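To start, the structure itself, in structure tokens.
The values are calculated or read from the model by the stated rules, or taken from the named source; none is laboratory data. On a predicted model such as this, the values are computed, not experimentally measured, just so you know. With ideal geometry, Cβ positions are generated from the backbone for all residues, glycine too; neighbour counts draw on all protein chains shown. The accessibility values were calculated without ligands, DNA or RNA, using every heavy atom of the protein model including side chains. Shrake-Rupley method; radii C 1.70, N 1.55, O 1.52, S 1.80 Å.
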Amino acid sequence: MQFRLLVSGALACFPRPEFSDALVSYDMITPIAALGLIERIHWKPAIRWRIRTIHLLAPVRTVDLVGPRGVMRALDFGFDLTLRAGPRDSIDAHESMFLRKARRLDPESGYLGLLELPATLKLASVDTPLDSAFDGPAQLDLGWLPFERVPKDPRRFRYFRARAVDGVVTLPRQGEGVFS
């Protein structure tokens, strides 16, 4: 099952660690932050969410001292069962739990990088066409983004080179094109 979550907000800031003294943001939501939004809805050790694409539905704009505008993004994702899945864990069971929680989700239950920047979340069908105001270049290099935490050292990250093609960033599969 593939899911889509629409994420919007007036402003977003996903702080870059190399600028610890200044509030400098990545140009888009990081996969780790996107995963945090999804796990707020439904997290169990028996499943692992996999974000497949991030759609940039509006151009990235920077604002002095705050960070890029987070106008709207769409996350396409699914999950796999992990080795911690028990006899009562099934794809159908977790799919039902996620959908039930996502349908009664408080729309402002997340944030865009900082607690002061609320996000509006809305479940959508992956078959529904996306209204996109993205008018950026056909290909956009967004630089290196943190992809995931290093499992044995959660203070470190693995990175990937983020490139948007017609406003869509396709995330690498596990272990492909990801560097520590």
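Using a probe radius of 1.4 angstrom, the carbon and sulfur fraction of the accessible surface of the chain is 52%. For Rg and Dmax of the Cα atoms in Å, the candidate list reads (i) 16.2, 52; (ii) 15.7, 48; (iii) 18.0, 64; the entry that matches the value derived from this model is (i). On the basis of the beta-carbon distance and an R0 of 35 Å, Phe179 and Asp106 show a calculated FRET efficiency of 0.40.
Note on the chain: with charges restricted to the Cβ of Lys and Arg (+1) and Asp and Glu (-1), its dipole about the Cα centre is near 640 debye.
For the peptides 98-106, 140-148, 29-37, the ranking by packing is 29-37, 140-148, 98-106, with the highest mean count of neighbouring Cβ atoms within 10 Å listed first. Under a 5 Å amide H cut-off, with hydrogens placed 1.01 Å from N, Leu142 pairs with Ala162, Arg163, Ala164 among residues at least 5 apart or on other chains. Per residue, the chain exposes 57 Å² of accessible surface when a 1.4 Å probe is rolled over the protein heavy atoms with every protein chain present. Put the Cα centre of the stretch 151-169 next to the Cα centre of the stretch 12-41 and the gap is 11 Å. The C-alpha atoms of the chain define a longest principal axis, and helix 31-41 lies at about 40 degrees to it. Applying 1/(1 + (r/R0)^6) with r as the Cβ-Cβ distance of Leu23 and Glu95 and R0 = 30 angstrom yields a FRET efficiency of 0.20.
Shown in residue order for the stretch 138-150 are the 3J(HN,Hα) couplings computed by the Karplus curve 6.51 cos²θ - 1.76 cosθ + 1.60 at θ = phi - 60°: 4, 10, 10, 8, 9, x, 7, 10, x, 9, 7, 7, 6 Hz (x for Gly and Pro). Each peptide among 122-133, 75-86 gets the average number of other Cβ atoms lying within 10 Å of its residues, and from highest to lowest they stand as 75-86, 122-133. The relative contact order of the chain comes to 28 percent, based on Cα pairs under 8 Å that sit 6 or more residues apart. The distance between label points at Arg88 and Arg149 comes to 2.6 nm (points 7 Å beyond Cα on the Cα→Cβ vector).
The lysines within cross-link reach of Lys122, meaning a Cα-to-Cα straight distance under 26 Å and a gap of 8 or more places when in the same chain, are Lys44, Lys101.
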